[in-house]
1. Of all residues in segment 16-69 being hydroxyl-bearing (Ser, Thr, Tyr) and either in contact with a helix residue (DSSP H, G or I) (Cβ under 6 Å, 6 or more places away or on another chain) or within 13 Å of TYR81 (Cα to Cα) (or both), which is surrounded by the most Cβ atoms within 10 Å (Cβ to Cβ)?
2. Would you please name the residue that is nearest to GLY63 (Cα to Cα), looking only at residues in segment 1-28 that are among the hydrophobic types (A, V, I, L, M, F, W, C) and at pLDDT below 80?
3. Looking at segment 60-79 only, could you name the residues that are at pLDDT below 75 and either among the β-branched types (Val, Ile, Thr) or within 23 Å of LEU24 (Cβ to Cβ) (or both)?
4. Of everything in segment 40-53 that's among the hydrophobic types (A, V, I, L, M, F, W, C) and either over 22 Å from LYS22 (Cα atoms) or in contact with a Gly (Cβ under 6 Å, 6 or more places away or on another chain) (or both), which residue is modelled with the highest pLDDT?
5. Pairs only if they're at least six apart or on different chains, beta carbon under 8 angstrom, first in segment 36-47 and touching a residue at least 40 places away in the same chain (Cβ under 8 Å), second part of a loop (DSSP other than H, G, I, E, B) and surrounded by 13 or more Cβ atoms within 10 Å (Cβ to Cβ); list them, first residue then second.
Amino acid sequence: MFTMGPPMWGDSAIDPYFLYVKSLLHFEDAPGTTIPVDQIAGVTWNNSNGARAVVSASDARFGNSSLSRPATGGSPAGGLYT
């Protein structure tokens, strides 16, 4: 058996590693969104090949939505990049 400390939720006063986070994507945007919001200020994401990667509520596992890459349309290499 082991003991875990309190959860770390991205507050630099609690999480000593938060200063090293370069990008933080939750994918909790509205379904159909092609450019997700990054929680770290100043980071901009782009979506290659049109709407290849979208936020979808139908594939959610750990919240209300997730990033989905449809099986049809666009290039297999399409996706998000900074």
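The values are calculated or read from the model by the stated rules, or taken from the named source; none is laboratory data. Computed from a prediction, not measured in an experiment: that's the story for all the values here. Cβ placement follows ideal geometry from the backbone for every residue including glycine, while neighbour counts extend to all protein chains displayed.
1. Among them, the one singled out is THR34.
2. Step by step, filter segment 1-28, then rank; the result is TRP9.
3. Once the filter is applied, which keeps residues that are at pLDDT below 75 and either among the β-branched types (Val, Ile, Thr) or within 23 Å of LEU24 (Cβ to Cβ) (or both), segment 60-79 yields THR72, GLY78, GLY79.
4. Taking the candidates together, the pick is ALA53.
5. Pairs that qualify, where the first residue is touching a residue at least 40 places away in the same chain (Cβ under 8 Å) and the partner is part of a loop (DSSP other than H, G, I, E, B) and surrounded by 13 or more Cβ atoms within 10 Å (Cβ to Cβ), are PRO36/HIS26; PRO36/PHE27; PRO36/ASP29; PRO36/TRP45.
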